[in-house]
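**Student:** This is the structure I want to talk about, given as structure tokens.
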Amino acid sequence: MERILIVGGAGYIGSHVQKQLLDEGFHVIVYDDLSSGDIINVLPGADFVKASILDKSALKDVMSSGIDAVIHLAAKKAVGESMINPSLYAENNISGSLNILNAMVENNVKNIVFSSSAAVYGMPQYCPIDENHPISPINYYGYTKFAIEENMNWFSQLGKLNYAALRYFNAVGYDASGAIRGKERNPQNLLPIIMEVATGKREKLSIFGNDYDTPDGTCIRDYIHVSDLAKAHSLALKYLMNKKQSLTVNLGTGMGTSVKEIVDATEKIIGKKLNYDFAPRRPGDPAKLTANAHLAQKLLNWSPDYTCIEDIIQTVWNLEL
Ligand code: UFG
């Protein structure tokens, strides 16, 4: 069975990718420095290497052990922090990723699935966003993702490797079977913050802006279940190994849900009111961001199983029960 290296495999999305591949019978090697990932997310059956992507010698060791494909999800991902401390993002997201590409080329590893982001598009010029939308990131985090896409594109044109760049929209949810229980430390995203409010760990949620040009005035996003993302990684892996061609696709449901709708749905699921207030808009937030993911459907035969936001939120709440 193929040996798949999951870099950043102990993180939130990486652990779900790990589960998907283990369930399908792949040999999985998780490579993670545990700086934000969690050892409890390394699932039974997976091998584990604790090392950083800045450690070229550790990368060389693992790449020379016979790897058929790499899935790379190791990155810093706090948008606000990337604007205050760009060097941290340059080092981890750009240098670290280049280390991975170089180690792959040196060891003749030909396939990489890369965790990219809708952040590469910047402010939407139209919605839903397809892959032809202009690339114009408005934060350094988004730039780091695009920088690696461009490098993979060069490496691919030069015949060194094939890549799948997966541009995630808003990843949410947890594995429905409860196999993954590691929560993110210091979460920055909406749903984990709401869960902290629901469980009393945080006093209240501030909704950033209620004067947007949307039906209820709050921002609309495309929330995609992490298990659907994981499934797309596996399909992308098989596409690379079978077709020996690169691809870049959006991953989202195409449906928009507002912050207020998320709050209302959560209140229904947990059976109590959430403490929240309305705060000023957060700089850089577009009113609406949704995906056109037809290309992923066409090339990968991928479509999300989760299309109901309540079902998605329930999988997060299950972790608290
Ligand atoms: N929000 C609040 N209050 C909070 C946190 C978030 O109102 O305390 C709102 C935001 O303003 C936004 C929505 O909830 O309207 C979702 O915010 P997140 O921070 O969870 O996610 P973003 O849409 O800002 O960012 C996500 C990913 C980024 C990625 C970006 C663009 O987390 O990695 O989508 O694709 F860059």
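The values are calculated or read from the model by the stated rules, or taken from the named source; none is laboratory data. Fair warning: this is a prediction, and the values are worked out from it, not measured in the lab. Cβ sites come from the backbone with ideal geometry, for glycine too, and all protein chains shown count toward neighbours. Calculation scope for accessible area: heavy atoms of the full protein, side chains included, ligands and nucleic acids excluded. Shrake-Rupley method; radii C 1.70, N 1.55, O 1.52, S 1.80 Å.
**Student:** Once you have the Cα-Cα distance between residue 91 and residue 203, take 0.36 nm times their residue separation minus that, and quote the gain in nm to one decimal.
**Tutor:** Values: separation 112, 0.36 × 112 = 40.32 nm, distance 3.45 nm.
My answer for the length gained is 36.9 nm.
**Student:** Another question, then. Keeping all protein chains in position, work out how much accessible area residue 311 exposes to a 1.4 Å probe, and write it in Å² to the nearest 10.
**Tutor:** In the full protein context, residue 311 sits at about 80 Å².
**Student:** Express the relative contact order of the chain as a whole percentage, based on alpha carbon pairs under 8 Å and six or more residues apart in sequence.
**Tutor:** Details: 643 pairs, mean separation 59.8, N = 321.
Relative contact order, the chain: 19 percent.
**Student:** Right, next: Using 0.36 nm times the number of residues separating residue 55 and residue 102, minus their current alpha carbon distance, what extension gain do you get?
**Tutor:** Result for the pair: 15.7 nm of gain on full extension.
**Student:** How long are the semi-axes of the equivalent ellipsoid of the stretch 118-162, defined as square roots of 5 times the Cα gyration tensor eigenvalues? Whole Å, largest first. Before the final figure, lay out each step's value.
**Tutor:** Numbers: eigenvalues 106, 32, 7 Å².
So the equivalent ellipsoid measures 23, 13, 6 Å along its semi-axes.
**Student:** Going toward the positive end of the dipole of the stretch 1-132, with +1 on Lys and Arg Cβ and -1 on Asp and Glu Cβ, which of 67, 124, 100 do you reach last?
**Tutor:** Highest projection toward the positive end goes to 100.
**Student:** Separate question: Can you tell me the accessible area per residue over the stretch 94-198, all protein chains present, probe 1.4 angstrom, in square angstrom? Intermediate values should be presented prior to the final figure.
**Tutor:** Working: 4200 Å² over 105 residues.
Using a 1.4 Å probe on heavy atoms only, each residue of the stretch 94-198 averages 40 Å².
**Student:** Ok, one more. Most mobile of 142, 37, 25 per a Gaussian network model of the chain (Cα springs, under 10 Å)?
**Tutor:** 25
**Student:** May I have the pair-distance distribution P(r) for the stretch 164-289, computed from all Cα-Cα distances with 5 Å bins from 0 and rounded to whole percent?
**Tutor:** Calculated over all Cα pairs of the stretch 164-289, the distribution is 2, 9, 16, 19, 19, 14, 9, 6, 3, 2, 0 percent.
**Student:** Can you run the Rg to Rh ratio on the stretch 56-110? Use alpha carbon positions and the Kirkwood inverse-distance Rh. Could you put the intermediate results ahead of the total?
**Tutor:** On the way: Rg = 13.0 Å, Rh = 12.1 Å.
Radius of gyration over Kirkwood radius for the stretch 56-110 works out to 1.07.
**Student:** Working only with C-alpha atoms, what are the Rg and Dmax values of the stretch 279-321, expressed in angstrom?
**Tutor:** 15.5, 41
**Student:** If the viscosity is 0.890 mPa s and the temperature 25 °C, what translational diffusion coefficient in µm²/s does Stokes-Einstein give for the chain when Rh comes from Kirkwood over Cα pairs?
**Tutor:** On the way: Rh = 19.9 Å.
Taking Rh from Cα pairs, D becomes 123 µm²/s.
**Student:** Would you mind computing, in nm to one decimal, how far apart the modelled labels at residue 294 and residue 64 are, each placed 7 Å from Cα along Cα→Cβ?
**Tutor:** About 4.9 nm separates the two model spin labels.
**Student:** Something else about it: Among 17, 70, 105, determine the one that fluctuates most according to a GNM of the chain built with springs between C-alpha atoms less than 10 Å apart.
**Tutor:** Of 17, 70, 105, the most mobile in the Gaussian network model is 105.
**Student:** When the C-alpha atoms of the stretch 65-177 are aligned to their principal axes, what extent does each axis show, in angstrom, from largest down?
**Tutor:** 41, 36, 33
**Student:** To continue, here is another question. Could you size up the charge dipole of the stretch 4-156 around its Cα centre, putting +1 on the beta carbon of Lys and Arg and -1 on that of Asp and Glu, and report it in debye to the nearest 20? Numbers along the way, then the final one.
**Tutor:** Working: 8 positive and 16 negative charges, 34 e Å.
In debye, rounded to 20, the stretch 4-156 gives about 160.
**Student:** Given a cut-off of under 8 Å on Cα pairs at least six residues apart, what relative contact order in percent is computed for the stretch 173-321?
**Tutor:** Values: 209 pairs, mean separation 54.8, N = 149.
Relative contact order comes out at 37 percent.
**Student:** State which helices in the chain qualify, where a helix is a whole DSSP H run, it must extend 18 Å or more along its own axis by its Cα atoms, and its mean Kyte-Doolittle hydropathy must be at least -1.0.
**Tutor:** Details: long enough: 140-157 (25 Å, -0.79); 226-243 (25 Å, 0.11).
Helix filter hits for the chain: 140-157, 226-243.
**Student:** Would you mind telling me the share, in percent, of accessible area of the stretch 113-259 contributed by carbon and sulfur at probe 1.4 angstrom? Please report the intermediate quantities before stating the final value.
**Tutor:** Working: 2780 of 5970 Å².
Solvent-exposed carbon and sulfur of the stretch 113-259 make up 47 percent of the total.
**Student:** Normalised radius of gyration for the stretch 81-125, please: alpha carbon Rg relative to 2.2 N^0.38 Å, two decimal places.
**Tutor:** 1.46
**Student:** Protein chains only, probe 1.4 Å: how do 184, 149, 91 rank by accessible area, largest first? Present the calculation step by step, with values, prior to reporting the outcome.
**Tutor:** Working: 184 55, 149 10, 91 95 Å².
Greatest to least solvent exposure: 91, 184, 149.
**Student:** Taking the chain as a Gaussian network, where each spring joins two C-alpha atoms under 10 Å apart, which residue of 38, 285, 175 fluctuates the most?
**Tutor:** 285
**Student:** Run the dipole for the stretch 192-309 about the Cα centre, Lys and Arg Cβ at +1, Asp and Glu Cβ at -1, nothing else charged, and hand back the magnitude in debye, nearest 20.
**Tutor:** Numbers: 16 positive and 13 negative charges, 107 e Å.
Charge dipole of the stretch 192-309: 520 debye, to the nearest 20.
**Student:** Might you report the magnitude of the Cβ-based charge dipole of the stretch 25-100 about its Cα centre, with Lys and Arg at +1 and Asp and Glu at -1, to the nearest 20 debye? If you can, show how the numbers build up before the last one.
**Tutor:** Values: 5 positive and 9 negative charges, 27 e Å.
Result for the stretch 25-100 is approximately 120 debye, rounded to the nearest 20.
**Student:** Ok, one more. Each label point is 7 Å from the Cα along the Cα-to-Cβ direction; what then is the distance between the points at residue 310 and residue 151, in nm?
**Tutor:** 4.6
**Student:** I need the trypsin sites (Lys or Arg not before Pro) found in the stretch 233-321, filtered to DSSP loop residues with at most 11 other beta carbons within 10 Å of theirs.
**Tutor:** Details: sites: 238, 243, 244, 260, 268, 272, 273, 281, 288, 298; in loops: 244, 272, 273, 281.
Of the trypsin sites (Lys or Arg not before Pro), the ones in loops of the stretch 233-321 whose Cβ has at most 11 other Cβ atoms within 10 Å are 244, 272, 273.
**Student:** Based on the alpha-carbon gyration tensor of the stretch 1-109 and its eigenvalue square roots a ≥ b ≥ c, which shape applies: rounded if a/c is under 1.5, prolate if not and a/b is larger than b/c, or oblate? Walk me through the intermediate numbers first.
**Tutor:** Details: a/c = 2.21, a/b = 1.31, b/c = 1.69.
The shape class here is oblate.
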